[in-house]
Every structure is written in structure tokens, then in C-alpha cells.
1. Can you compute the charge dipole magnitude of region A:7-363 about its Cα centre, using +1 on each Lys and Arg Cβ and -1 on each Asp and Glu Cβ, nothing else charged? Give it in debye, rounded to the nearest 20.
2. Hey, what did chain A get for relative contact order, percent, Cα under 8 Å, at least 6 apart?
3. Between residue B:374 and residue B:215, what FRET efficiency comes out of the Förster formula 1/(1 + (r/R0)^6) with R0 = 45 Å and r the beta carbon distance, rounded to 0.05?
4. Once you put a point 7 Å from the Cα of residue B:26 and another 7 Å from the Cα of residue A:173, both along the Cβ direction, what distance in nm separates them?
5. What percentage of the solvent-accessible surface of region A:7-363, computed with a 1.4 Å probe over protein heavy atoms, is contributed by carbon and sulfur atoms?
6. In nm, what is the difference between 0.36 nm times the number of residues separating residue B:69 and residue B:82 and their Cα-Cα distance?
7. At 0.36 nm per residue, and after removing the present C-alpha to C-alpha distance, how many nm does the segment from residue A:301 to residue A:156 gain when stretched out fully?
8. Just the Kirkwood number for chain B, please: inverse of mean 1/r across all distinct Cα pairs, in Å, one decimal.
Amino acid sequence: MQQKIGFIQLFYIMLGFEIGSTVIFGLGAEAKQDAWLAILAGMFCGLVLMWVYTKLFEHYPGHTLTQMIPKIVGRYIGYPLNAIYVLYFIYLASRVARDFGELVAGTILPKTPMLVVIGGFIAVIVYCLSGGIEVFGRTGEILLPFLFLIAIASWIIVYSSQIFDIARITPIFETGIGTVWRAAFPIVVTFPFGEMVLFMMFWPMLHDLRKVKKLGMMVVLVSGILLTVNMINVISVIGPKWISDRTYPLLTVVKLASVGNFIERIDAVVIITMIIGGFFKVGSFIYGAAIGAAELFKLVSARSLVVLFGAIVVPLSLIIATSFMEHVEIGLKKVPLFLHVPLQIIIPFILLVISAIRKRYRRT
Amino acid sequence: MFRRKRFKKLDNLNTQQVLKQQVLSSDLNDNLQVLRSMYQDCFDVVFRTLLMGGKTKAVLVYIEGLSNIEELNDHVLGSLMEETEGEIDSPQSALREKMTISKLNEVKTFADCIENISIGNPVLLLDEAETGLALGLGKWEKRSVEEPTAESLVRGPREGFVETMGVNTSLLRRKIKSPDLKMKSMKIGSYTSTDIVIAYVEGLADQSLIKEVENRLKRIDIDSVLESGYIEELIEDSPRSPFPQLINTERPDTAAANLLEGRVVILVDGTPFALIAPIGFFSLLQSPEDYYQRALVSSSIRLLRMLFMGLSLVLPALYVGVTTYHQEMVPTSLLISVAASRESVPFPAFVEALLMEITFEALREAGVRLPKQIGAAVSIVGALVIGEAAVSAGLVSAPMVIVVAITGISSFMMPHYTQGLALRLLRFPLIFLAATLGLLGIMLGIITIIVHLCTLRSFGLPYLTPIAPLQGRELKDTFFRAPWWMMNTRPHLTGKFDTYRKASWKKTSPSKEEK
């Protein structure tokens, strides 16, 4: 019997996925003080993408992405494409794992080998996923509210330590709409919003399939707004100049926060909390890849593949780049253009067009 | 070599047990011979031969100390020895009319005989009769109902379960007087044949749950059951988990409250601890007193309990992690005083924490096991060892003592001892993780524990309900305890149930005219 997942559970997982690794980086930093506008723009594009994904799901209800592709484009194109998607998910999982490995190694545990950090992190994820989607969902229900609690608390601390100045987000549109758009596309659109193409693997497990559209749109909206608010906060504290200079602008902000000389340097707590987001991001990627591979190889259960993929992700995350700089460089320049745009935007769009044509053709 | 051992059914059917299956014969001497051979070398079994009404030969078999001898003398032997006038067609029916005993059972097989004899019912065997009579005269020494020691309350009933099944069921029956309270009995254990009673309230407990409990109990094949812990481990869903999946309670009021929430109570003869199933993690954080004290107070105490549950789990680990890896998190003045007190300590924080925690656990264990007379000595030594002396000797730092003390107190706060045990155990891996990976290690450890809790189920009920899966209506009795006039609905466990427990929002406040 296939395990099912509830609306709220998937909502939490998707939200954790969206916010997970995005919130710590300076998203849309090229646009300086207009970075939050870039995120907003990205969110609207994300809504369009989400519409494409959910429309596809409406055409093939109860199908995962890898199940519907062969039905739309045929087996000979479909199966290689599925394999590409599975590899893509595994690659992204290791990218996110690396992100968090670098974050931890660069801040709170500078002397610990990254292998230990990523290994421990992936081990916990694999343990969770081997319990199946139900356990993953329940874990989301417990951990995500906790994440928000910590986030709200740390923002209250930031607000109350008198380093907040909303005037720093002015002047708006200083460098023109073009800069904002260039910051938004392709990076912000594809990361994090376009990455939700992954959840096409999860939707068939939802209790109520009719709610998929509502779910997807809600997640894009809520996460977009949260990220925007977060970015406005960050800019208001450290100003536009530092946004693009710092690898982790959010951490710079929390480091500055100090209440009554007692609560200070809460960045370690924030990093640890961000781990939760990473947990859901990497976990979703691995599980999505496992579902895809199980369908590709006609296996009964995806759970057995989780351990395998976990074991692949750990070394892969260490060898995809030789240094953090190279990792970031690949992430900003190559991945969005060569992987994200085709796999998140072009292919789903083509699939939608083909399936729409097929549907009309069948009807007449 | 690695092949799993084939499931082997318990095979202790010896010749005597084969004899047990036999039916009583009409020849008294044959029956006696079989019984005597079974009870060979049992000096406490009494065979009393007598002549009924001066004619029929009869034998009374009973175990000394298990039966009420006085009543046996007055009501049985007296009337049996009396001369009967006239012919009687059947000695059996005559006996039934004559004996002034309320409980009389016919026994037909040796197995029946032995069962009755061993629970204290004397068996009367007659010559030329294929059935014997078991007389309900069981009476043995039992403890009287006392205040439960493992779960103490300030306000609430003072009676606790005892070791005798009959007393325990009567305690429950006195709380729930409805005939819907059902109690099904079964025997488990080939040597002990322990009485097990499954109690539930019909209409409140889900039928499939009752069936599942019964099935699991029936599948048990074991030689002895001496405590409900045996049953608990044999029927729980994940026996390898440190977390208990059934609650044990000594209190009839707790048992009754759970019965009325649709749960099943399993009573085991010979122990005052009854089992409750299914339960969730949050039931383990609830004390019966929460429901007896004022709602506001109980709710705050519950929050306090949850806070300290977290502390008892992570506080030592946090101390180790922060002092080893994340000193910058500590405010400077505090950091200086901690560093000053750790200056003379020769161990790293990890060793220090381990040393203190293990010593504390040892002291606690000693305190539980020691005879009461020397308990005071232990507490004095303990206070000295892990307190003042250790610090002034420079073995441990004063902050560590504080940490251990807070941890100790917070684990005493857990209303259910078994959960406190789980937390005590999990503290040590967390300390280790904190020593190796700092805060990240603690976080990974906590996530692992949470994931583990998410995988657990207790008789089909996810362990973390009502948080995951979220059930809004049940939050009224999780972090807070809603006032009784707001508790309109029963918690939803599994399957169908009777939702409403009281008329909605009915408060007894003064009516408008009175105001």
C-alpha cells in the first residue's frame, strides 16, 4: 500500500524546501537594495511555473513527473529524460548538502572535516526517509513550526537591538528595472521557485489530489513573501553594499544583534536552525530521485534506493567542486543556465504544450 | 549460520501435562491416583478422604493457605458428614442443595481440577461420579488497598491497585458503574497461568483496537508472566525503542480516565501496575493531577514540565557543546566566570560531564535499591560527593554541578517513570554528539530522536499525535489542559468512536436573573 501524506505535511515540507538554503544566501544580491524586488519578481515567475506544473498534473492526475513524461513524449525520449531528471535531483541534493557543509565548516565548526558534517547530516536524512513519506511528513510537522519559532524569535531580537533602519532600502529602482530583472532571472526564478518541479514526484501521494494547485500556489506565495520580508530586513540592517559582499548576509545581521549585552552572537543558533531547512531540501531531493529511479527501474519500493542515493550524495557533494568559491561560481553561472532553465522551465513547458495538444486532439 | 532460527513453539508438554487433558473417570481411586502422581512431592496439597452421609466415599483436594479453611469446615465438611435420610438419586444434585456456598463449579477434566486447586478452590471428587465439584472458597493473604507509591499526587484519590486481580477489577468497577465497562479474561503463561484482563468501555473503544489487543495477547506463548512488563514488551509495536509505547499505572483513577477516553486497560494478576494502550508521547507528559487542579495552573505546570523535559535531555550536552565549540555564544562576563571555575579542572568538559552524569545515575540507582534504613546515608554521601567536595577538590567545576543538579531535578519531574528512563538514556549519546560536533551534533541528535518518535506507533496510533499528524481539536489537552467545561469531545485515537463527552459549552454559572 502506498503511503499518503496530508496537505499540511506536504505544505510544511515544501515550505522548508523553499526557505531552507535560500534564506541564508543573499538572494538577488546583484540588484543591491532592490534585491527584495528581485525576489518578488522571481515569485511571480514562480507562480507561472507552478501553474505549468499543476496544469500538467491536472492533465495526468495521480502521475508523478517521471510517470507522465513517457506518456506525453513516448518511451524513447521519455526514459532518457527521466534518467536525466533523476540525476538532476541527485546532483541538486549534493549541491545543497555541500551548501550546508560549507556553511557549517565556514562558521561554527571550522576544524571539523566536511565529510563528517555532511555524512552525519545525510545519515539522519536517510534514517528519516527510510521510514517512508509518512515519517518525513510528520517530521516536517514537528520541525517546521520550530524553525519558524526560532526565526521569529531571532527577528524580534534583531528588531529590538536598534540596528534596524528601513531607510536603507531606498532609493528603489536606483539602477533601473533591467538590473532587477537580471537579478531575478534566471537565478531567483529557478532557485528556489523553479526547483519545485521536484514536488511533481510527491503530489500523487497527497490525500486529496484536487488540492494540488492550491497547495503549490500557497507555497510559492508564502515562501516568496517570507523571503521578501527577510530580504527587506537584511537590507535594512546591513545596507545594500554588504549584501553582495557577504556570503551569508543573514548571519552578518544576526551577529550584529545584541539585546542588553546578554543575548548576543546568536548566529550559531540560527545556523543550527537553518540545518532544519536543509534537512527538508536534501531529503526531498533524495526522496524524489528515489521515487523517479524506482519507477524507471520498475522497483516496488523507493525506500531501498534512499540508502543508496544517500551514499552517493555524500561523496558527490565533496567532489562537485574543489573549493567553496568554485562551488558558488558553478551555482551562480552554470547550473541555472544549463540545468535549471531547461529542466525547470523549457521541458515542463514543452510537455504542457504537447499534452494540451494531445488532449484536444483526443477529444475531437 | 546467519539463517534465522526457525520459530519454535514452546514445547514443555511433559507426561503430566498429557494426563491433564484426560477426563475424570468414574472410579474415584483412579482419579486419586492420577492427581496424587501429579502432586507428587507437594507437601502443601491436602487430600482429605471422607464418607458422605456415611455412605459415599469422597475426597476433598485443596492447597493449604489458598482456601478458606473455616468456611470449609463450617459449610462443607459439616453438611457433608451429616447423615442423609432416604435414598438420593444423584449425590451431585444433593450436594448442590446442601452446601451453603455461593460459587460452585463442575469440573470434568484433570486440567479443570488442577486449575481450580491452584487458584484455591477446593475440589470435591465423588466415587462413581464423572464430574467433581469445585468450591469457590479461595482465600489467600493479600495486600490491602494502599496509596500508590510510584505516582504520588497532592490532590486526587489515594487508592492504588494491588497484586490481586479481583481487587483491581473491583476498583475499576467502582469508578465506572456502567455495564458498558467490559472485562475479558484470559490466561497467559504455561507455568504461571497468569490472569490477564482486558478492560474497555464498549462504544468508546474502537472494536478493531480491542481485537488487535486481544490478538496480540493471544499470540503470546511464554512460560511465565510475573509482571505487566513482560506483557508490555511482548505486545508493543517497536520493542527496540527506548520510549515506552504503553503506559503503566498504579492508579485506578488514571486507568478509569483512560478507559473513558476510549483506551484499553490491561490488568495483570500479581502486579499493581496496569497497562494502558494506545498512548502517545504527550500522554506520558500528563499527570492525573493535571485534571484535578485548576485548568490555568495545570496548563502552566504542563508547560513547565515540557520545558524541563527538554532540559533534562539536552542541558548537559548543551553545556559540553557550548564550552567546547561555541564559547562566543556565552555573554562575556558569564564566560569569564565559567572559564575561571573550569581553570583548575583537569578534564575536558566532555569527560567532566560524563563523570558527573554517571555518578549521579549511580547515586540515584543506589537510592532506589538501598534498604530504607540506610537511604539517608546515601543521600548525605551523594550530596557531598557530587556537590561541595568534588568542586573544592578541583575535580569538577561548579557550573557542571549546577547543570547536573538541574538535569536531575528535571528528570524527576516526569510524571511517568518509564519516560524519564528513556530521557536519561538518550542524554548520553547527545553528550557524545555535542563533544564531537558541537551544536550541530546536538541538532542532528534531536532530529534523529524526533524522526524516531515519528516512526513509532502505539497500536496503530502515531506516537506524536496530535502534533504530527496534526489534529487541531485535540490540542486542547496537549500543551494546555482546557477547563472541563471546554472538553466537549473525546480524543480521537483510532477508528470510530463516540465523539461527545459532554453537552457543549455548558457552564454552571449564575443565571442572568441572579446577577
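1. 1260 debye
2. Relative contact order of chain A: 39 percent.
3. 0.45
4. 11.4 nm
5. About 70 percent, which is the carbon plus sulfur part of the accessible surface.
6. 2.8 nm
7. Separation in residues times 0.36 nm, less the Cα-Cα distance, equals 47.7 nm.
8. One over the average 1/r among Cα pairs gives 27.6 Å for chain B.
The values are calculated or read from the model by the stated rules, or taken from the named source; none is laboratory data. In this text, all values refer to a predicted model and were calculated from it rather than measured experimentally. Quick reminder, even Gly has a Cβ in these numbers, built from the backbone with ideal geometry, and neighbours come from all protein chains shown. Quick note on the areas: whole protein, heavy atoms, side chains included, nothing else; ligands and nucleic acids left out. Shrake-Rupley method; radii C 1.70, N 1.55, O 1.52, S 1.80 Å.
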